[in-house]
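Each remark here refers to the structure printed beneath this line.
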Amino acid sequence: MARKTRFIDSDILVIGGGFGGCGAAYESRFWGRDLKIVLVEKANIDRSGAVAQGLSAINCYMGMQWGENQPEDFVRYARGDLMGLVREDLIFDIARHVDATVHKFEEWGLPIIKDPKTGRYLREGRWQVMIHGESYKPIIAEAARKSASEVHNRIMVTHLLMDKARPNRIAGAVGFNVRDGNFYVFRAKAVIVGAGGASHIYRPRSVGEGMGRTWYAPWSSASAYGLLIPTGAKMTQMENKIVLARFKDGYGPVGAWFLLLKSYATNAYGEKYEAARFDEIKSLVGKYADITPMPTCLRNHAMIEEMKAGKGPIFMHTQEVLDTKEKEEIGWEDFLDMTIGQAVVWASQNTDPREKPSELITSEPYVMGSHATCSGAWASGPEDCAPADYQWGYNRMTTVEGLFGAGDTIGGSAHKFSSGSFTEGRLAGKSAVRYVMDLKGEPPQLDEAQIKRLEETIFKPLENYRVGRNEIVAGTVAPGYISPLQGLQRLEKMMDEYVGGYSTFYVTNEPLLNRGLELLGMLKEDFEHIGAEDLHQLQRAWELHHRILTAESVTQHTLFRQETRWPGYYYRADHPQLDDADWHVFTASQYDAKTGDWHMSKLPVHHIIG
Ligand SMILES: Cc1cc2nc3c(=O)[nH]c(=O)nc-3n(C[C@H](O)[C@H](O)[C@H](O)COP(=O)(O)OP(=O)(O)OC[C@H]3O[C@@H](n4cnc5c(N)ncnc54)[C@H](O)[C@@H]3O)c2cc1C
């Protein structure tokens with residue numbers, strides 16, 4: 001069937017209907033009653049993004065109504081966890097608004113568990129509240145669906161469009177429908193990207209029989225970065241990838257076990273290794289070792305050193321804490337709400353958590369901006385509290401005019417989690433409306449020739465396959481093209497071996513990074529010859545494209561930061577110490593899509609909360 005082209009005009013285009021995107025659609029409608037708000041999503045917003053499976057806790061809630069925490073407390077916490085480097089203005093802005101978001105979630109039907117004694121939300125830890133969250137995503141999606149003028153599911157956005165008349169202004173986006181193959185051209189006065197972070201940049205521990213199993217959703221394909229980087233938007237902290245300590249093989253969450261059930265971890269010989277390694281950690285990172293709770297990366301570091309010393313497996317002593325039926329239910333429900341695979345792994349490995357401990361391990365690295373990590377775009381901050389050099393007009397606008405972001409898209413502000421990402425979407429939506437109103441109706445100009453070129457580029461993998469399949473030698477071995485899976489596995493192996501994946505215990509150095517960049521350059525060349533046998537594989541091809549650009553950005557940033565700021569996330573063996581004198585800064589990059597050059601720079605870290 002012939003491919004059709006569909007043109008869709010809007011005032012505000014939201015790309016990605018996850019937590020950031022749903023928040024953006026909701027709030028854009030609140031402030032922009034008469035605006036046309038279009039939400040476009042590669043899956044279906046009812047079950048898409050990192051929260052597709054559900055969650056068992058909301059990890060960012062202040063509890064200001066009960067005087068539990070203030071936004072300033074949260075900034076101090078996130079700053080400590082990220083070893084001093086966060087955009088305090090952005091985090092403060094989320095913290096002061098996040099409670100209102102959570103209250104809305106409850107109004108919309110999300111069951112938040114209450115403490116029967118106090119009547120308050122039941123806390124898992126200081127910042128987390130427990131939920132019955134299997135249906136978290138559909139509840140939030142409903143609010144976005146009712147707010148948007150149109151929701152287009154099943155459209156993979158591949159590229160952003162720039163204004164023909166003003167080179168640094170956004171004009172829209174293009175993509176294709178993964179079901180019918182139609183080409184979509186979206187024109188918009190403002191664009192909010194909420195397309196999520198990245199799994200499968202690094203080789204996962206689970207390969208072969210467990211292929212594709214990762215902690216982060218396998219469908220999170222780095223589009224938040226892969227879409228922005230080619231526009232020349234300034235990116236920050238892309239080296240700050242995250243490694244998670246999780247239950248082995250199923251990647252089950254450990255938060256409820258550590259914080260609520262008060263379980264603990266030891267090495268194979270029953271030793272509590274975190275405390276034992278304190279002096280050694282202090283010699284690496286100085287004052288940051290004294291922060292309580294101990295920063296996430298440093299806890300990873302202790303576990304990694306223990307495994308390197310041959311003292312694994314590391315065990316979580318579940319059997320010590322499951323002394324009531326209620327606690328046992330909490331333990332299982334924690335998995336069943338958000339990582340069902342872990343319950344299946346335990347069942348398949350004859351693990352009864354009441355009887356024996358379970359193995360923990362550190363994951364492969366992921367790239368994201370909303371967890372205990374803060375990769376993403378450099379964004380303008382809130383007018384009332386951002387330092388002057390952190391603001392250039394509209395809150396959450398990137399360095400590209402009219403291009404906003406939320407959730408994993410925005411860098412420098414860790415620990416947003418689900419509620420904070422939705423809140424950031426709301427903040428971005430509000431200021432995108434103001435931007436559109438200030439424009440007074442002036443629409444961007446599309447470049448017809450560029451759109452034609454992009455259409456050819458986007459569908460070329462189908463053509464590569466159609467022609468190349470005639471030369472298939474055996475199975476999937478084709479001399480003329482590579483498949484998206486072959487490209488993905490090549491990327492993962494490269495990043496793992498050269499840019500600090502698990503197989504090198506997260507260690508890299510300048511020569512390794514330079515060699516990695518060389519090999520990534522070759523992969524970029526070969527991407528021109530990627531073949532897609534159907535629309536599903538075409539989607540895989542463009543997801544790979546976004547992952548490759550993101551991987552290159554991660555590698556460039558890792559090369560630029562000449563210190564080891566986050567031991568446990570990654571190590572520069574040639575710069576093994578944390579170096580506050582030279583590197584108490586944000587790293588920044590701008591990519592030139594015409595030349596393929598990266599411009600690296602440092603940006604100041606301003607501490608606005610004492
Ligand atoms: C494994 C894991 C566990 C977590 N646990 C918790 C927890 O317990 N509590 C908590 O509060 N938070 C938790 N979080 C954090 C929370 O899920 C994220 O902070 C939040 O989902 C980020 O929102 P986002 O909008 O940036 O990304 P997402 O919610 O992932 O949404 C991105 C959306 O963009 C779409 N998309 C991607 N690419 C494209 C494209 N090219 N074109 C069109 N659409 C596209 C995706 O399909 C998706 O719908 C967890 C995250 C992970 C990964």
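Could you derive backbone 3J(HN,Hα) for the stretch 159-171 from the dihedral phi with the Karplus parameters 6.51, -1.76 and 1.60 (θ = phi - 60°), listing whole Hz in sequence and x where the residue is Gly or Pro?
These are the phi-based 3J(HN,Hα) values: 9, 8, 10, 9, 5, 5, 8, 10, x, 9, 10, 6, 10 Hz.
From largest accessible area down, sort E124, E359; use a 1.4 Å probe on the protein chains. Let's see the in-between values first.
On the way: E124 15, E359 75 Å².
The residues order as E359, E124, largest area first.
Sorted by average packing, counted as other Cβ atoms within 10 angstrom per residue and highest first, what order do 532-540, 285-293 take?
Numbers: 532-540: 18.7, 285-293: 15.4.
Per-residue mean Cβ counts within 10 Å order the peptides as 532-540, 285-293.
When the Karplus curve 6.51 cos²θ - 1.76 cosθ + 1.60 is applied with θ = phi - 60°, which whole-Hz ³J(HN,Hα) does each residue of the stretch 54-65 get, with x for Gly and Pro?
After applying 6.51 cos²θ - 1.76 cosθ + 1.60, I find x, 9, 10, 8, 8, 8, 9, 8, 7, x, 5, 4 Hz.
Across the Cα atoms of the stretch 487-539, what radius of gyration and what greatest pairwise Cα-Cα distance (Dmax) are found, in Å?
Final numbers for Rg and Dmax: 13.3, 40 Å.
Counting only protein heavy atoms and using a 1.4 Å probe, what share of the accessible area of the stretch 245-362 belongs to carbon plus sulfur, as a whole percent?
Numbers: 2910 of 5430 Å².
In the stretch 245-362, the share of accessible area belonging to carbon and sulfur is 54 percent.
For all pairs of alpha-carbon atoms in the stretch 245-362, what percent lies in each bin of width 5 Å, listed from the first bin to the last filled one?
2, 11, 21, 23, 18, 13, 7, 4, 1
Kindly give Rg over Rh for the stretch 112-233, based on alpha-carbon atoms, with the Kirkwood expression for the hydrodynamic radius.
Details: Rg = 19.6 Å, Rh = 18.2 Å.
A ratio of 1.08.
Quick one: Debye curve from the C-alpha atoms of the chain, no solvent, what's log10 I(q)/I(0) at q = 0.06, 0.08 Å⁻¹?
Log10 of I(q)/I(0), two decimals: -0.29, -0.53.
What translational D, rounded to a whole number of µm²/s, comes out for the stretch 448-579 from Stokes-Einstein when the hydrodynamic radius is the Kirkwood one over Cα pairs, at 25 °C and 0.890 mPa s? Don't skip to the end; give the middle numbers.
Working: Rh = 16.2 Å.
For these conditions, the coefficient is 151 µm²/s.
Mean Kyte-Doolittle of at least 0.0 plus a Cα span of 24 Å or more along the axis: flag which DSSP H helices in the chain meet both, please.
On the way: long enough: 88-107 (29 Å, -0.31); 417-439 (32 Å, 0.03); 448-468 (29 Å, -0.78); 510-527 (25 Å, -0.04); 535-560 (38 Å, -0.35).
Helices meeting the span and hydropathy rule in the chain are 417-439.
So for the chain, taking the charge dipole from beta-carbon charges (+1 Lys/Arg, -1 Asp/Glu), which of A195, L13, G119 sits furthest toward the positive end?
It is L13.
Within the stretch 422-567, what whole-number % of the accessible surface is contributed by carbon and sulfur, with the 1.4 Å probe and all protein chains included in the calculation? Walk me through the numbers before you get to the answer.
Numbers: 3280 of 6200 Å².
Carbon and sulfur together cover 53 percent of it.
Taking only protein heavy atoms and a 1.4 Å probe, what accessible area per residue, in Å², does the chain have with all protein chains in place? Don't skip to the answer; put the middle values down first.
Working: 22720 Å² over 610 residues.
Averaged over the residues of the chain, the accessible area is 37 Å².
Measuring from centroid to centroid over Cα atoms, what is the spacing of the stretch 162-193 and the stretch 277-325 in Å?
The two parts, judged by their Cα centres, are 46 Å apart.
Just how many % of Cα pairs in the stretch 311-365 lie over 16 Å apart, if you round to the nearest whole percent? Before the final figure, lay out each step's value.
Numbers: 704 of 1485 pairs.
Within the stretch 311-365, distances greater than 16 Å cover 47 percent of Cα pairs.
Rg/Rh for the stretch 111-161 to two decimals, with Rh computed the Kirkwood way over all alpha-carbon pairs.
Numbers: Rg = 17.3 Å, Rh = 14.2 Å.
A ratio of 1.22.
The values are calculated or read from the model by the stated rules, or taken from the named source; none is laboratory data. Bear in mind that the values here come from a model prediction, so they are computed numbers and not experimental data. With ideal geometry, Cβ positions are generated from the backbone for all residues, glycine too; neighbour counts draw on all protein chains shown. Ligands, DNA and RNA are excluded from the accessible area calculation, which covers all protein heavy atoms including side chains. Shrake-Rupley method; radii C 1.70, N 1.55, O 1.52, S 1.80 Å.
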